[in-house]
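The values are calculated or read from the model by the stated rules, or taken from the named source; none is laboratory data. Treat the numbers as computed from the prediction; the structure is a model and nothing was measured. As a convention, Cβ positions derive from the backbone with ideal geometry for all residues, glycine included, and neighbour counts pool all protein chains shown.
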Amino acid sequence: MTQFNSDEAYQNYILPGVSRTFALTIPQLPPNLCKVVSNGYLLCRIADTIEDESNLTPIQKRKFSQEFTHVVAGDSDPDLLSQALYPLLSNNTLETERNLIANLASVIRLTHTFTPQQRNALYQCVKIMATGMADFQQSSSLNGLKDIEEMDRYCYYVAGVVGEMLTELFCDYSPQIAQHKKLLQNLSISFGQALQMTNIIKDIWEDRQRGVCWLPQDIFIPFDLKNLTPENYEIAFGEGLTKLIGIANGHMHNALRYILLIPASEKGIRRFCLWALGMSILTLRRVLKHKDFSNSQQVKISRRSVKTTVLISNLVTSSDTSLRILFYLLTRSLPAK
């Protein structure tokens, strides 16, 4: 087993293994923010690993999620949780995620070195996420979600709360950013939904293999989601995807508003947000061109596209006008809400 000379060293090691995207974007943040945001992401990944574990019953998932919340708060022993949870993980759980559960105590020790304001932001995120995800996992099926309002709630629990957490951390870091805190918090939920809706659309077929569907039934009328298969593409399904992409596009516009409220001098924070938004837009563009895709790899953006997104975003980071123009050029082919 690899040995690390600090908990931060372990965090830097494991992050690329559980998310290439965040391993790319988080280092753009100022150093102090980088460390706490990395830790926040790992906490969310632990909560997500518990909810995705196929070996656990809904009751077990809720129990472990509640215990994890107590661990983050500092009220329970992380080693005891790790020792109880790790043996129950199936082979369906990625090796890096198993490693994360095995080293849960290392992640938590770092969490507890942060300021009270930072720790509270992380705790509130984990608490809301763990509770909400447990509720949705208990009623998940291949039938999809009831309607777009239920999808909104799901996206809030898995992504909107992350946007709220990041905004709390950004405002704590910068008094200038904190001047727009209320508006940023509202927009952050929409920003998170834009990214999560992209993931839901991209991962339709992988989710179905796990026995779940997060698409809203009312958007796909008269198509029956429980009969959804990648082999038999139907026009009605494609029309539903188009509607859903249009809704996501509306949230993308709010994401741009969020970014433009960040001072141009905070280039690192802007880049962190811009790269995520750019990659999400490019993914939706690919889905729109290939609505009959049968796995996420077919609509995954290329490394070249990622590099181009990074390069262009960096060139226009400080110019609000250039950002608006670039955003228009990238989204003009997407359906309107």
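Based on what the data block shows, is Lys226 under 13 Å from Gly144 (Cα atoms), basic (Lys, Arg) and either modelled with pLDDT under 95 or assigned to a helix (DSSP H, G or I) (or both)? It is true that Lys226 is under 13 Å from Gly144 (Cα atoms), basic (Lys, Arg) and either modelled with pLDDT under 95 or assigned to a helix (DSSP H, G or I) (or both). The residue list Leu315, Leu277, Leu334, Leu311 contains one member that is in the same structural domain as Leu169 (by TED's automatic domain parsing) and under 14 Å from Ile259 (Cβ atoms), which is Leu277. Being β-branched (Val, Ile, Thr), in contact with a Pro (Cβ under 9 Å, 6 or more places away or on another chain) and assigned to a helix (DSSP H, G or I) is the requirement here; does Val37 meet it? Judged against the criteria, Val37 is not a match.
In summary, Thr308 fulfils each of the numbered conditions (1) farther than 21 Å from Gly192 by Cα; (2) outside any helix (DSSP H, G or I) with the single exception of condition (2). Report yes if some residue within segment 163-181 is under 10 Å from the mean Cα position of the chain (by Cα), crowded, with 24+ Cβ neighbours inside 10 Å and not assigned by TED's automatic domain parsing to the domain that holds Met133; otherwise report no. The answer is yes; a qualifying residue exists. Applying the set (1) in a loop (DSSP other than H, G, I, E, B); (2) closer than 15 Å to Ser294 by Cα; (3) of a type in the set (Val, Ile, Thr) to Ile201 leaves exactly one unmet item: (1). Residues that are touching a residue at least 40 places away in the same chain (Cβ under 8 Å) and outside any helix (DSSP H, G or I) were ranked within segment 230-264; the one that is surrounded by the fewest Cβ atoms within 10 Å (Cβ to Cβ) is Glu231. Residues in segment 209-229 that are among the hydrophobic types (A, V, I, L, M, F, W, C) and touching a residue at least 60 places away in the same chain (Cβ under 8 Å): Val212, Cys213, Trp214, Leu215, Ile219, Phe220, Leu225, Leu228.
Checked against (1) touching a Lys or Arg at 6+ places or on another chain (Cβ under 9 Å); (2) under 21 Å from Asp152 (Cα atoms); (3) among the hydrophobic types (A, V, I, L, M, F, W, C), Phe293 meets all criteria but (2). Looking at segment 134-152, which of its residues are under 19 Å from Glu51 (Cβ atoms) and either in contact with a strand residue (DSSP E or B) (Cβ under 8 Å, 6 or more places away or on another chain) or β-branched (Val, Ile, Thr) (or both)? Across segment 134-152, the qualifying residues are Gly144, Leu145, Glu150, Met151. So, in segment 287-337, of the ones that are small (Gly, Ala, Ser) and touching a helix residue (DSSP H, G or I) at 6+ places or on another chain (Cβ under 8 Å), which residue ends up nearest to Thr229 (Cα to Cα)? Selected residue: Ser294. For segment 43-83, a tally of residues being within 18 Å of Val212 (Cα to Cα), assigned to a helix (DSSP H, G or I) and free of Cβ contacts under 8 Å to residues at least 24 places away in the same chain returns 1. If you go through segment 102-121 and keep only what is more than 12 Å from Val71 (Cβ to Cβ) and not hydroxyl-bearing (Ser, Thr, Tyr), you end up with Ala102, Asn103, Leu110, Phe114, Pro116, Gln117, Gln118, Arg119, Asn120, Ala121. Of all residues in segment 105-118, count the ones that are assigned to a helix (DSSP H, G or I) and either in contact (Cβ under 8 Å) with a residue 40 or more places away in the chain or crowded, with 20+ Cβ neighbours inside 10 Å (or both). Residues flagged as assigned to a helix (DSSP H, G or I) and either in contact (Cβ under 8 Å) with a residue 40 or more places away in the chain or crowded, with 20+ Cβ neighbours inside 10 Å (or both) within segment 105-118 amount to 8. For segment 173-194, does any single residue satisfy the condition of being of a type outside the set (Gly, Ala, Ser) and outside any helix (DSSP H, G or I)? Yes.
For segment 311-335, a tally of residues being of a type outside the set (A, V, I, L, M, F, W, C) and either in contact (Cβ under 8 Å) with a residue 60 or more places away in the chain or in a helix (DSSP H, G or I) (or both) returns 9.
Yes or no: segment 125-142 includes at least one residue that is surrounded by fewer than 18 Cβ atoms within 10 Å (Cβ to Cβ), at pLDDT below 95, outside any helix (DSSP H, G or I) and of a type outside the set (Asp, Glu). Yes.
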